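To start, the structure itself, in structure tokens.
Derivation of every value follows stated rules applied to the coordinates shown; laboratory data play no part. Keep in mind that what you see is a predicted model, and the values were worked out from it rather than measured. Heads up, the Cβs are rebuilt from the backbone with ideal geometry, glycines too, and the neighbour counts pull from every protein chain shown.
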Amino acid sequence: MRDVIIIGSGPAALTAAIYASRAKLKTLVVAGTLWGGQLMLTTEVENFPGFAEGIQGPDLIDNMRRQAERFGAEFVFEDATAVDFSSKPFKVSVGNKTFEGRAIIIATGALAKWLGLESEARLRGRGVSICATCDAPFFKDKKVVVIGGGDTALEEALALAKFAREVTVVHRRDQLRATKVLQERAFNDNKIRFIWDTEVQEILGQNRVEGVRLKNVKTGEESTLAMDAVFVAIGHKPNTEIFRGKIELDEKGYVVARDETRTSVEGVFVAGDVQDYRYRQAVTAAGAGCKAALDAQKYLEES
């Protein structure tokens, strides 16, 4: 029996583990086989407080894990396969094992949707990114591409326009899905231009992004565009499949939170990108993990 079972292993989960285990709660982290969250795909992190020279994403995650282990948190590097929140203690299945916990913290994050190109995977961290807030300063006075047509794409384009010399939004349709206010801001920014009815076929470059190969979906015409970076902004998918029917999710599959960390089941808490589709930053996820652990601690003291 654990006091707290944390499902996930990104900044939210690991911060929750640090706080819970330091509070002398018997803490188990079901970290998953691909543990560490999106920071494991990130090279240099410059905007996490406390690292004046920046830090590599995997190093930041490893530091957080070791800090949690120092206070006694236990880790299982396998995927949670099922949960049972219908009665207490709660149950989390991991393969053929079942763990019981008095409280649960869900911090499974969200995965960025990718194009699925070999060149995209090869050049991640070498000019291919999913986060303008994280990486825009690296491309000051450069030419960049944003792929997408929704709110995320225009938010990325507007953030990049503060640094880049030129921002080209490539969209497969002839009109945007983004909200009107974002469209107006983007259309009025003289650094942002649009290429319509077009898909990216390949990202060019061997060791870094050098351009993109495009195809017009209506005419079939192909072209190339010299670029220094590609920002993929076609949405995110929360990792909530095993929670369907167990707790309340919104129409996009994100966990619905009450009072910041509480879910629809008393004793089950949530933190990070699995609930927050607005900020999606390591530092806000870490802060949410802190809140979830403190709320879980209070719940356990009062139950």
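Where both partners of a DSSP beta bridge lie in the chain, what percent of those bridges are antiparallel, to the nearest 5? It would help to have the intermediate numbers written out before the result.
Numbers: 27 of 59 bridges.
Counting only bridges with both partners in the chain, antiparallel ones make up about 45 percent.
Setting aside same-chain residues fewer than 8 positions from K215, which lysines have a Cα under 22 Å from its Cα?
Result set, ordered by chain and number: K113, K143.
Taking amide H positions as placed in the peptide plane 1.01 Å from N, state which residues far from T224 in sequence (5 or more) or on other chains have amide H under 5 Å from it.
L214
Under the rule that a partner needs its Cβ under 4.7 Å from the first Cβ, which Cys of the chain have none?
Within the chain, the cysteines lacking a partner Cβ under 4.7 Å are C290.
Taking Cα centroids, how far is the range 14-77 from the range 239-303 in Å?
One Cα centre to the other: 18 Å.
Whole number please: convex hull volume per residue of the Cα set in the chain, in Å³? Kindly include the intermediate steps, with their values, before the conclusion.
Numbers: hull volume 42.3 nm³, N = 303.
It is 140 Å³ per residue.
Place a +1 charge on the Cβ of each Lys and Arg in the chain and a -1 charge on the Cβ of each Asp and Glu, then give the dipole magnitude about the Cα centre in debye, rounded to the nearest 20.
My answer is approximately 120 debye.
Of L225, L28, L176, L154, how do they rank once you tally other Cβ atoms within 10 Å and put the fewest first?
Taking fewest neighbouring Cβ atoms as first place, the list is L225, L176, L28, L154.
Against the longest alpha carbon principal axis of the chain, how many degrees, from 0 to 90 and to the nearest 10, is the axis of helix 282-302 turned?
20
Please list the non-local residues whose amide H lies under 5 Å from the amide H of A257, H modeled 1.01 Å from N, same-chain partners needing a gap of 5 or more.
none
Helix 11-22 sits at what angle to the longest principal axis of the chain, using alpha carbons and giving 0 to 90 degrees rounded to 10?
20
Go through the range 215-303 and name the GluC sites (Glu not before Pro) that are in a DSSP coil and have 15 or fewer other Cβ atoms within 10 Å of their Cβ.
E221, E248, E251, E260, E266
Would you please give the residues with an amide H less than 5 Å from that of H236, counting only those at least 5 places away or on a separate chain, with H modeled from the backbone geometry?
The answer is K113.
Determine one quarter of the surface area of the Cα convex hull of the range 114-232, which equals its mean projected area, and express it in nm² to one decimal.
6.6
Grab the DSSP H runs of the chain that are 4 residues or longer, score each as -39,500 (n - 2.57), total them, divide by all residues and round the 222 nm result to the nearest 500 deg cm²/dmol.
Result for the chain: -7500 deg cm²/dmol, rounded to the nearest 500.
Can you spot the lysines whose alpha carbon is less than 19 Å from K88's alpha carbon? Ignore those fewer than 8 places along the same chain.
Leaving aside lysines fewer than 8 places away in the same chain, those within reach of K88 are K26, K97, K246, K298.
As a test, work out the antiparallel percent of DSSP beta bridges whose residues both lie in the range 114-232, rounded to the nearest 5.
The answer is about 40 percent antiparallel.
Would you kindly derive the ³J(HN,Hα) couplings of the range 119-136 from the backbone phi angles with the Karplus curve 6.51 cos²θ - 1.76 cosθ + 1.60 (θ = phi - 60°), listing them in order in whole Hz, with x for Gly and Pro?
Per residue, the Karplus-derived 3J(HN,Hα) values read 5, 5, 5, 5, 9, 4, x, 10, x, 9, 9, 10, 9, 5, 4, 6, 10, 3 Hz.
If each Cα of the range 1-138 is one equal point scatterer, what is log10 of I(q)/I(0) from the Debye formula at q = 0.11 Å⁻¹?
-0.46
Measure nothing fancy, just the Cα-based angle from helix 151-161's long axis to the longest principal axis of the chain, in degrees from 0 to 90, nearest 10.
Result, in degrees: 60.
Going through the range 1-99, which trypsin sites (Lys or Arg not before Pro) have at most 16 other Cβ atoms within 10 Å and a DSSP loop state?
Of the trypsin sites (Lys or Arg not before Pro), the ones in loops of the range 1-99 whose Cβ has at most 16 other Cβ atoms within 10 Å are K24, K26.
For a quick check: sort S129, S264 by the number of other beta carbons within 10 angstrom, fewest at the front. Please list the in-between numbers first.
On the way: S129 27, S264 14.
Arranged by neighbour count, lowest to highest, S129, S264 become S264, S129.
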